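Remarks on the structure that follows.
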Amino acid sequence: MGNLFWPAIVAALVFGFWVDAFTAYKYHHFNGTEFSLLEAQEQAFSSLTGRSPLMVGLTLIPSAAAKGAVCLDGTLPGYHLHRGYGSGANSWIVNLEGGGWCNDVKSCVYRKKTRRGSSRFMEKEIPFTGILSNSAEDNPDFFNWNRVKIRYCDGASFAGDSEHKAAQLQFRGQRIWLAAVEDLMSKGMRFAKQALLSGCSAGGLATIIHCDEFRGFFPHTTKVKCLSDAGLFLDAIDVSRGHTIRNLFSGVVGLQGVQKNLPRTCTNHLDPTSCFFPQNLIASIRTPLFILNTAYDSWQIQSSLAPSSADPRGYWHDCRLNHAKCTASQIQYLQGFRNQMLNGIKSFSRSYQNGLFINSCFAHCQSERQDTWFADNSPVIGNKAIAMAVGDWYFDRAVVKAIDCPYPCDNTCHHLVFR
């Protein structure tokens with residue numbers, strides 16, 4: 001990857017601690033090491049561009065308290081907003097932060113002592129890169145839009161509404177989502193001519209869950225679309241024939257009272273846990289939606305398909321850390337996962353209004369990292385980078401249904417390799 005290889009590795013090393021934490025504790029949380037991910041992102045951007053990234057301050061939402069819209073520990077939620085200007089003054093990107101889930105009391109109690117569960121531990125400012133960048137060179141279609149990142153401090157993809165009094169836990173993701181949107185509306189988003197809801201990972205899942213709801217906040221004259229990055233979590237069977245991710249999601253949905261906030265087009269015929277899986281939601285979403293995902297999602301390989309809990313003898317250990325160390329039979333297994341993903345989006349892809357970019361890389365989240373979003377050496381399908389694909393789709397410049405050939409044919413990938 002030339003000069004882009006090492007920034008990808010920096011991100012990968014931090015991401016690797018995140019996955020190891022899940023493997024060790026059998027639930028999602030972020031240990032102290034994960035805190036340095038934003039530092040790694042900042043360093044990678046500087047190395048890539050020779051410039052420092054835009055740093056944007058945290059805004060808490062005082063009105064949220066009266067609505068019961070609070071983080072796991074009861075503190076106020078918040079967001080980072082950088083104002084648009086010129087032709088983008090009345091255009092808005094609302095980005096939902098990702099960062100795993102908590103699926104039982106123990107994991108949520110841990111989480112409320114981190115930035116993923118309390119605004120007390122959130123960074124006062126964070127870098128805006130990739131789709132959030134303010135540079136036309138780095139983000140040609142959205143650089144001068146109003147760009148917002150809503151911080152994630154509930155642990156259920158902004159969808160829960162419950163509490164656990166004994167453990168002093170507030171599961172108020174749905175209320176946080178509504179309070180943040182209401183606050184942004186008061187700051188000018190109600191005048192938006194164009195709007196895009198986006199998110200990565202758990203934020204990508206949240207984008208799918210809330211896409212039609214987001215559309216409903218605006219008049220019909222506003223152009224509204226949604227972008228889910230690395231949010232296509234599959235209801236897959238793991239390497240031991242178990243249901244690691246289904247068990248995780250079942251805990252999240254049950255503990256946090258997610259059921260009542262899931263789309264009724266799904267819950268009227270499937271169980272609530274099934275309706276937390278995007279494959280059962282995307283075909284019925286009415287708002288134009290773009291799915292950006294790697295066919296060999298690093299997170300899903302490490303934490304859903306082949307976690308150590310499903311691989312007690314360590315057969316998958318080297319493969320899940322570095323795709324280059326996978327055996328032929330393991331690659332064949334992962335090709336089956338890719339096929340499951342492609343089958344899961346068949347109905348969705350038939351809609352003219354929807355977009356796709358499914359590249360054959362071992363990575364996770366590509367819209368918020370500069371090296372994968374738009375740079376000299378970015379991943380491409382058919383010579384089109386992700387930023388160009390998303391822009392062409394959003395502005396109706398082209399129909400974008402880009403599906404890569406199977407691994408190892410794509411030599412433009414920024415694969416993540418873990419220690």
> Could you give the dipole magnitude of the chain about its Cα centre, charging the beta-carbon of Lys and Arg +1 and that of Asp and Glu -1, in debye to the nearest 20?
Replying inline: 820 debye
>> What is the distance in Å between the Cα centroid of the stretch 61-93 and that of the stretch 299-339?
In response: 39 Å
>> Please list, in order along the stretch 120-125, the HN-Hα scalar couplings obtained from phi with the Karplus expression 6.51 cos²θ - 1.76 cosθ + 1.60 (θ = phi - 60°), rounded to whole Hz, x for Gly and Pro.
In response: 4, 9, 6, 4, 6, 8
> So how far apart, in nm, are the two label points at residue 65 and residue 284 if each is 7 Å from Cα heading toward Cβ?
Replying inline: 3.9 nm
>> Give the aspartates and glutamates whose C-alpha is closer than 16 Å to that of residue 223, dropping any in the same chain fewer than 8 places away, or say none.
In response: 141, 212, 213, 392, 396
> Suppose R0 equals 45 Å; then what is the FRET efficiency for residue 164 and residue 383 from their Cβ-Cβ distance, rounded to the nearest 0.05?
Replying inline: 0.30
>> Going by Cα centres, the stretch 122-179 and the stretch 194-260 are how many Å apart?
In response: 14 Å
> Which Cys residues of the chain have no other Cys beta carbon under 4.7 Å away?
Replying inline: none
> So what is the 222 nm mean residue ellipticity for the chain from helices alone, if each DSSP H run of at least 4 adds -39500 (n - 2.57) and you divide by all residues, rounding to the nearest 500 deg cm²/dmol?
Replying inline: -9000 deg cm²/dmol
> In the Gaussian network model of the chain, springs joining C-alpha atoms below 10 Å, which of 224, 70, 105 carries the largest mean-square fluctuation?
Replying inline: 105
> Put +1 on the Cβ of every Lys and Arg and -1 on every Asp and Glu Cβ in the stretch 54-403; which of 206, 169, 189 then has its Cα farthest towards the positive end of the dipole?
Replying inline: 169
> Once amide H atoms are built 1.01 Å from N in the peptide plane, which residues 5 or more positions from residue 95, or in another chain, come under 5 Å H to H?
Replying inline: 148, 149, 150, 198
> lysines near residue 260 by alpha-carbon distance under 18 Å, same-chain residues fewer than 8 away left out - which ones?
Replying inline: 67
>> Quick check on the stretch 234-307: take the gyration tensor over C-alpha atoms, sort the square-rooted eigenvalues as a ≥ b ≥ c, and tell me if it's rounded (a/c under 1.5), prolate or oblate.
In response: oblate
> Pulled fully out, how much extra length does the chain show between residue 265 and residue 347, if you take 0.36 nm times their separation in residues and subtract their Cα-Cα distance?
Replying inline: 28.0 nm
> Just for the chain, what percent of DSSP beta bridges are antiparallel, to the closest 5?
Replying inline: 35 percent
>> Please list, in order along the stretch 402-418, the HN-Hα scalar couplings obtained from phi with the Karplus expression 6.51 cos²θ - 1.76 cosθ + 1.60 (θ = phi - 60°), rounded to whole Hz, x for Gly and Pro.
In response: 9, 10, 5, 5, x, 3, x, 6, 8, 9, 9, 5, 10, 5, 8, 10, 10
>> With a 1.4 Å probe and all protein chains left in place, how much of the accessible area of the stretch 54-403 comes from carbon and sulfur atoms, in whole percent?
In response: 51 percent
> Top to bottom by accessible area (1.4 Å), largest first, where do 405, 365 land?
Replying inline: 405, 365
>> Show me, for the stretch 196-204, the HN-Hα J-couplings you get by feeding each phi into the Karplus relation (A = 6.51, B = -1.76, C = 1.60, θ = phi - 60°), rounded to Hz, glycine and proline as x.
In response: 9, 8, 9, x, 10, 6, 4, x, x
>> Pick from 262, 270, 232 the residue whose mean-square fluctuation is largest in a GNM of the chain, springs joining Cα atoms under 10 Å.
In response: 270
>> For a quick check: with amide H placed at 1.01 Å from N, whose amide H comes under 5 Å from residue 59's, ignoring anything fewer than 5 positions away on the same chain?
In response: 79, 80, 81
>> How would the chain be classified by its alpha-carbon gyration tensor: rounded, prolate or oblate, with rounded meaning a/c under 1.5 and the a/b versus b/c comparison settling the rest?
In response: rounded
> Which FRET efficiency value, to the nearest 0.05, is calculated for residue 213 and residue 328 with the Förster distance at 56 angstrom and r the Cβ-Cβ distance?
Replying inline: 0.80
> Is the stretch 63-166 rounded, prolate or oblate when judged by the Cα gyration tensor, a ≥ b ≥ c being the square roots of its eigenvalues, rounded requiring a/c under 1.5 and prolate requiring a/b larger than b/c?
Replying inline: prolate
> What does the accessible area per residue of the chain come to in Å², with a 1.4 Å probe and no ligands, DNA or RNA counted?
Replying inline: 37 Å²
>> Given a 1.4 Å probe and heavy atoms of the protein chains only, how would you sort 323, 220, 80, 243, largest accessible area at the top?
In response: 220, 243, 323, 80
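The values are calculated or read from the model by the stated rules, or taken from the named source; none is laboratory data. This one's a predicted model, so the numbers in the text were calculated from it and none came from an experiment. Glycine also receives a Cβ, built like all others from the backbone with ideal geometry; neighbour counts cover every protein chain displayed. What goes into the accessible areas is simple: the full protein's heavy atoms, side chains included, and nothing from ligands, DNA or RNA. Shrake-Rupley method; radii C 1.70, N 1.55, O 1.52, S 1.80 Å.
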